[in-house]
Structure formats: structure tokens, C-alpha cells
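The values are calculated or read from the model by the stated rules, or taken from the named source; none is laboratory data. Quick caveat: nothing in here was measured; it's all calculated off a predicted structure. When we count neighbours, we look across all protein chains shown, and the Cβ atoms used for this are built from the backbone with ideal geometry, even at glycine.
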């Protein structure tokens, strides 16, 4: 069964699963001269990547503020959010930077599955005879690309992995 994209407009759409339409992603990707993969996808594939990108954003980001309705399907819209200049974001608004980040993440998910475990997970080094490959665990591709994070860093923080605490100074 094909996935339908249901866009959260800020009106608390009960079954919303995206902050953007696939047409908005089409427009975003047209501005990137280095990408040609999106145009080759079927509409059903585009819908899947669109929804997955939204899901990944909501899983990876601890958004500032609080949901405007306890029953809303997605993490946004929110009350108590501000932009990079400290201006309040309306509690029925999905910030443009969040929409842009979802578009970029959808594009990147087409290129590679950023959510998959690394092929070398669990290995420190691999060797055959005199050939040895040493794994650099710090060189793994993050789920949330720097380009995506840089668009939305003003609206929250990255979810912290276990064992890492966030320091908040008063």
C-alpha cells in the first residue's frame, strides 16, 4: 500500500506525517545543481522519503517549547519556540527552516540510508594476511547531516545518546 503524505499546516492535523509536500521537496531539490536522483523516483517513493525524513527529524531533535495539543500527530507546531534572532514563532506555524531541513534530509535519504547501522559496526579492525583495515568509529555518517542540523539548530537540540548529559547553565 502506498503512503500518502498528510501535511501538518499548523492546524493540528490528526493524521499528519510530514511538514512539507513532495512538491515542496521537488522545488527544494531543483535548487541543488548536484542532485539528479530525486527526479528518477516514482511518486510513491517520493512519498516514502518525505514521510521518513519527517520521522527522522522528530526522532533526532528535542524541539524547544511544548506541543500545542496533546493529541497532535507530530512534534510541531509548538509553543515557546524562538528563531535564531530570538523572535517568537507562532504556535500554529511550522518554521520555514524546518521545512527546508526536511526537504534536504529527504534528498540525502535517497542517496544513502543514513539510519542504517554502519557496515563495520562491531569491528575495531579487520585483517587478512598482511592487509589490515582499522576502523575509525568517529568517521561514521551521522543520521542527521550537518547541513540539516545547521538549518534547525535554533529550534532545539539533538537527542542525546545514552550516557551523555546536556549541561544547562542558569
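Before moving on, here are some points about what is shown:
- Flag if residue 99 is in a helix (DSSP H, G or I) and farther than 20 Å from residue 156 by Cα: no
- Residue match in region 54-61 (condition: touching a strand residue (DSSP E or B) at 6+ places or on another chain (Cβ under 9 Å), closer than 24 Å to residue 157 by Cβ and assigned to a loop (DSSP other than H, G, I, E, B)): no
- Subset tally (residues that are free of Cβ contacts under 8 Å to residues at least 60 places away in the same chain, in a loop (DSSP other than H, G, I, E, B), surrounded by 15 or more Cβ atoms within 10 Å (Cβ to Cβ) and on the phi < 0 side of the Ramachandran plot) for region 62-88: 2
- Any hit, region 20-27, residues being surrounded by 13 or more Cβ atoms within 10 Å (Cβ to Cβ), part of a loop (DSSP other than H, G, I, E, B) and within 19 Å of the chain's Cα centre (by Cα): yes
- One residue alone among 91, 32 is out of contact with any helix residue (DSSP H, G or I) (no Cβ under 9 Å at 6 or more places or on another chain) and surrounded by 12 or more Cβ atoms within 10 Å (Cβ to Cβ), and that residue is 91.
- Check on residue 75, touching a helix residue (DSSP H, G or I) at 6+ places or on another chain (Cβ under 8 Å), within 13 Å of residue 8 (Cβ to Cβ) and modelled with pLDDT of 95 or more: yes
- Condition met for residue 5 (modelled with pLDDT of 95 or more, in contact with a strand residue (DSSP E or B) (Cβ under 7 Å, 6 or more places away or on another chain) and in a loop (DSSP other than H, G, I, E, B)): yes
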